[in-house]
Structures are given as C-alpha cells and as structure tokens.
Amino acid sequence: MGELHLIRNAHLYDPDDVGMRDVLIAGERVVEIGERLDTGGLEVTELDAGGRPVVPGLVDGHLHVIGGGGNEGYASRIPELWVGELVLAGITTVVAPPGLDMLGKNLEGLLAKIYALESEGVSAYAMTGGFQQPFRTVTGSLLTDVFTIEKIIGVKVALGEVKSTPFQDEELVALAGRLHFLAGATGKACLLHAHLGQSADPARQFLHAMRTSGVPSYRFQATHANYTEHTMAAAVEVAALGGYVDVNPILTPDFGHPNAVPAADAVLRLLADGVDPRLVTMTTDGNASVPILRADGSRDVYEKSLDWLWRTVVELVHDHGRPLDQALSFVTANPAQVLGLPRKGRVRVGGDADLLVLDEALAITDVFARGAHVVSGGRPLVLSMYEPGRES
C-alpha cells in the first residue's frame, strides 16, 4: 500500500469548494475523503491543516524543463530546472514542449529530463514538434514517436512567428488529422498545441485547421493568448470554436513585452468576451529565453518565472475578487482535461495525491506530489542530484 498520510481539517477545494474534509493518502493515490476519518489504528503520518485551504497541485502544460534555448548567442543557452524549484512553486505535473533551440537541446535530451523528474517525484510529460521543420524525432517519424513513446502526449507548433518554419495551410490540417488518429490509437490527448506569435493574424492557419479538419475542437490549444492584442482577439475566435486558450504570466509589459496583456487582466478580458471558463488555462512558459529588460534596453538578470503561475492565481482572488475555485480551475482541472490526464488536476478518490496546503494569505506551505510530502513549511524535502543546497 505504501506510506499513509492523512491531512486533517482541510478546507478542501477539489478545485470546487467542498468544505471541511480529511484526506487520506496511500502510496501515490487519494484513497478516502471524508469528515473526521477513522484510520482504524493504522500507522499514519498526520498533517493538521487547521481549517486552511487544501487544493490540487498545479498542472503546468507549458514549461521548458531543459531551457527554452538561447536567442542571443551560444552563451545565452538556458540551464535545466531542478525538481526542488518546481515543487516550491506548487507545480506537481509538468508538460515540456520543445523550445526555440532543438539543435543544442534535442528531443532525446528533453525525454531524459522528463524521466529524471519522474524519478525525483513529480509527474512529467513531453511534446514533440517545435519551431523548425522538419521536426526532430527519435524514431525517424513524428507519428511513430507519439505512438511508441508513452511520455509524448502532443505536438507543439509555432505560428505567426518570424523564427519558425511556416506551414502550408493544408499541412496543419493534415497534422491535426494525424494527431486525431493517434489519439484513437493510443488513448492519449495528442494535443495540437500552437504557440501564437506576434504577427497581425497569428491564428489564421490554426482556425482554418479547426474549421476544416473535422477534428474535435478539444484537440486544439492556442498558447500565448496574452502576447499581443492580435493574440487576444485570436484566442476569442479559438474558444468560440471550442478550442482551449492558454495564458502565460511571463508575457507582461513589466518583463519586456510592451504589447502583452498581464495574465490576470487577460483572463478577465477573455471571460468578459464570453469565453467559456472551462476552456481557459494558464501555464508558466517558464525557463524560456526571456531575459528581463531594463529601461535602457540592456539585459537584467534571468528570471525562471516558475512561481508566477501561483502568484497569478492569488492575484485573481485577492486583487480581482474571483472565487478561489474558479482561479484554481485554470491551473488544475482545465489543463488536466485538455492534456488527457484524468488522475490529475482534481482531489478525488482514486486520483493522484498531488495537493497544496495553503496559509491564510494563500501562500503555499506544504506540497504533496504523487503521495510524497515534498515541501514542508515552505522548505523542499526533495532535491535533484546536483541541485544547490542538497549537500546541507
């Protein structure tokens, strides 16, 4: 059965508000949820939440775990992430797409990092594809990679982006069709995940594929919805067709993107424009090659932006008055749904035991990932092999 953990007196959000509950964890799963649970004398490690919120772990569907790739010469190549950094940010499930650089950082290296993070306690998946075609593969075929490599659950493409290889319209339609076939063959989401760039009509081909391919709309997701006013307008069109739209906190005027809409503001605008909240997700796009720009145009320190995802959730609640359950859905249940991860994004019996314990100000104090207590009192209990601080 594995180690037993019991979180008592939790104000549980699953992410819906279900009130005061105890949560029993055995091994990697939640096995019972109820009031004043009786463990029958079993040896259980207990954590008393004291009435504070307990919520699902964050599902980050777009995070560059090996670095998004340098964009300013060889010296700008981004380092890999440590598992301690992820869990401190509340991220218990990560999906890593290829970044800008798929020459120095290939798919084999991306998969190796995914397997490493899995062995270190979080749940990790990958996408294939990228900015440049022909796409790099492991087996020699994109279809065969998705079919045979369990951890690959989708394909990322870059549209409306000057540094990407352009598609012909029908090429994207054909790719959507192949992914739909693979979804049936594998049971995976086989998501077509589109980076929307800064062109005036970044989603034209994406919308064409949604309208003409015959592929169900839930297999399409447009990310960087808040990159520009053009991507904001495109996101509304994508959602109107039933596709998912993704917002990234890293895209903000404060971080060197003068045309971007801050993430919380973007979410509110999408909802005001009639977008179904169940189609809205937020991801970090963290550890990408996006340095902070000073006012004079020079580069400041590099920011991984991992904790910006949770900060945006808190901002939606504290500064904009959104209900906590709705703000949570954008980073838990919704991304788990679009990514085809049924045991993620919710706290329920039989689901993976990925949970965050919060304080009264909604700061993360404790994290459970796949049933293991990985952050306690704001201190990581799991670190990568070479992560700074491990020696102490």
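Does PHE255 satisfy the criteria of being closer than 25 Å to CYS190 by Cβ and aromatic (Phe, Trp, Tyr)?
no
Could you tell me whether segment 88-108 includes any residue that is touching a residue at least 60 places away in the same chain (Cβ under 8 Å), out of contact with any Ser or Thr (no Cβ under 9 Å at 6 or more places or on another chain) and in a helix (DSSP H, G or I)?
Scanning segment 88-108, I find at least one residue that is touching a residue at least 60 places away in the same chain (Cβ under 8 Å), out of contact with any Ser or Thr (no Cβ under 9 Å at 6 or more places or on another chain) and in a helix (DSSP H, G or I), so the answer is yes.
Tell me, yes or no, whether segment 112-135 has at least one residue that is of a type in the set (Lys, Arg) and in contact with a Gly (Cβ under 7 Å, 6 or more places away or on another chain). Quick ask: steps written out before the conclusion?
Just the residues of segment 112-135 that are of a type in the set (Lys, Arg), to begin with: 113.
Pick out the ones that are also in contact with a Gly (Cβ under 7 Å, 6 or more places away or on another chain) and you get none.
Checked segment 112-135: no residue is of a type in the set (Lys, Arg) and in contact with a Gly (Cβ under 7 Å, 6 or more places away or on another chain).
Considering segment 351-376 alone, what residues qualify as being small (Gly, Ala, Ser) and either under 16 Å from VAL122 (Cα atoms) or not assigned by TED's automatic domain parsing to the domain that holds LEU47 (or both)?
Of everything in segment 351-376, those that are small (Gly, Ala, Ser) and either under 16 Å from VAL122 (Cα atoms) or not assigned by TED's automatic domain parsing to the domain that holds LEU47 (or both) turn out to be GLY351, ALA353, ALA369, GLY371, ALA372, SER376.
For segment 226-244, does any single residue satisfy the condition of being out of contact with any helix residue (DSSP H, G or I) (no Cβ under 9 Å at 6 or more places or on another chain) and either at pLDDT below 95 or among the charged types (D, E, K, R) (or both)?
yes
The values are calculated or read from the model by the stated rules, or taken from the named source; none is laboratory data. Not measured: the values here are computed from a predicted model. Virtual Cβ from ideal backbone geometry, glycine too; neighbours counted across all protein chains shown.
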